[in-house]
Amino acid sequence: MPDKELARFDDFVTSRLPALYRYACALTGNRHDAEDLVQEALTRTGAGWRRVRRKDDPEGYVRVTMVRLMLNRRRRDRERLMADPPDRAADDQRLDGVTALAATQAALAGLPKGMRAVLMLRYVDGFSDEQIADVLGCSASTVRSQASRALAKLRAAAEAQEESHG
Amino acid sequence: MDEFERKLGELLTSPFKDEHPPVSLQSRILRNAAAARRRRVAAGTVVAAAVAGLTPVAVMQAVPERSPADDPATVRATSGQTDLSAVVERGTIVRIPRNLPGKSPFEAMALARDGTVLGAPQAGGDGNDGRSTGIWRAGPAGGLPALVTETAPGSRAYLWTMAAGEAGYLWPDGERLSCRGRSGEGPTRTLDAAWGGRDRFFADGPAFVWGRDADSLMVATACGGGARTYAVGGTLETFSYPHAIVRVGAGLRQVDVRDGAVRDLLRLRESADPVFAANSRLIAWAGGGALSVLDRDTGGSRKILRTLPHAADPAYAGRITAGDRIVAYTAAHQDEDAAESVVFDVRTGREARLGGEAWAAGDWLLWRDGADYRLARVRS
């Protein structure tokens, strides 16, 4: 197709798809939903590529699109890829940190989509609460509330794991 | 932010740091984006038409399909009017209104040899419509398009083209290829569930043909029947029964879909990707701003036009169709409802420039004229 803009979109997909896919995995906690999500977000981006290109940060645009798409989707009854807990308790003190980590990741995987999206935007993308509120279409206080509740769940999971290992 | 929060970004992403996208994902994205892009029409199109003072809907419905006002074969051109009376038979011009009840305006996507026009309501601003948009048909007698069949909700973005021939109708249903039988009759079936969404497909004479995986040619003669596969090692570009035209690198190859016989035609010189069309006598292609034809009997090729509209503008995509006597090239804006066309009479060398889309098939010419389409027989 004799279109330099489309060639740039193809280049963008080629170079950034792996990173965007991993972002989608982290966002959904689910490889299958991640595949659907990144496909839909990039398809929409490609359809309006000329407009998107005028923005400074196409990759950021795709990430935000994925967040919005995920929150707008119906919850899907699909396999969740959760961090596997260890098969049995381990006595090795060096593994304490590892098991706490696994517990936190398991808790992360169990967070509602909205909370996960808030954490992604805040701790991966580095957005302010006001920017997150703009993306999610809610107030900054709602963002802070969601983040606070999510952090409390994660801390509780990590602390419970540490306590169980003395 | 405490230590726990500082680690959260890593906690969120580390379980997936070694993940890689499935091999097919990139090609699916590019295919879907291209399809959505072709069909994406700015949401402001309808508003713009109203602002421009085009005929109100109620009046359009009241006007008969053929009227004396249609007969002066003049159409809106790039500047002023183009007289098509040297190209079409005046008394055969009919009007196909674009206003569909409860839908966005009709967008033509295929013209068949018998004058059948297939299309769908224009896509919404986001390129996808959550409701069924349906497959619609207008006949050679003109008049409002009628619904042929409903389509799956959300599948509008995949409808980037359609095909109609003696064997029936074809259109994309997501990444599957759907069909109806002769004259659109019978149930809607899936002709190829593994088609993929992007390869070209055509209907001409008694056959459907479509590309698969950029190296295979599929052929079927009925919507509900089986398909034959030819490993052609190239991309299906166009079709005029019984010959599928396949591009292998810079080479054009003709494949007889009845027996798979292959004949090399020519090597292309254009660096840009051309678009192709064929009839029983010629193959036409547009690339690098020029329109060329190959006489399939003599093997001679020549440039017939050197100044195609919007050739250097990446916002426009080219499309070419071939009738028995004329070739129609359209440069259509990929994001807006804007197009320019050149209709070239291969026998007389005359050209007509139009300020809208145009299609040629058999002895028919379809063109966009403001709020309507017009369909007429080409002069013999």
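Since every read-out is calculated from the coordinates, none of them should be taken as a lab result. Just so you know, these numbers come straight off a predicted model, no measurement behind them. So basically every Cβ, Gly included, is an ideal-geometry build from the backbone, and we count neighbours across all protein chains shown.
For this structure, a couple of remarks:
- Computed [θ] at 222 nm, helices only, for chain B once each DSSP H run of length n ≥ 4 contributes -39500 (n - 2.57): -3000 deg cm²/dmol
- For peptide A:33-46, the mean count of partner chain Cβ atoms within 10 Å of a residue's Cβ comes to 5.
- Amide H contacts of residue B:96 (H built 1.01 Å from N, in plane; Pro and chain starts excluded): B:143, B:373, B:374, B:375 sit under 5 Å, all sequence-distant by 5 or more or on other chains.
- Whole-number percent relative contact order across the range A:4-72, with pairs defined as alpha carbons under 8 Å at least 6 apart: 36 percent
- Using the Karplus relation 6.51 cos²θ - 1.76 cosθ + 1.60 with θ = phi - 60°, the per-residue 3J(HN,Hα) values for the range A:32-43 come to 5, 5, 4, 4, 4, 5, 5, 5, 5, 5, 6, 5 Hz, with x marking Gly and Pro.
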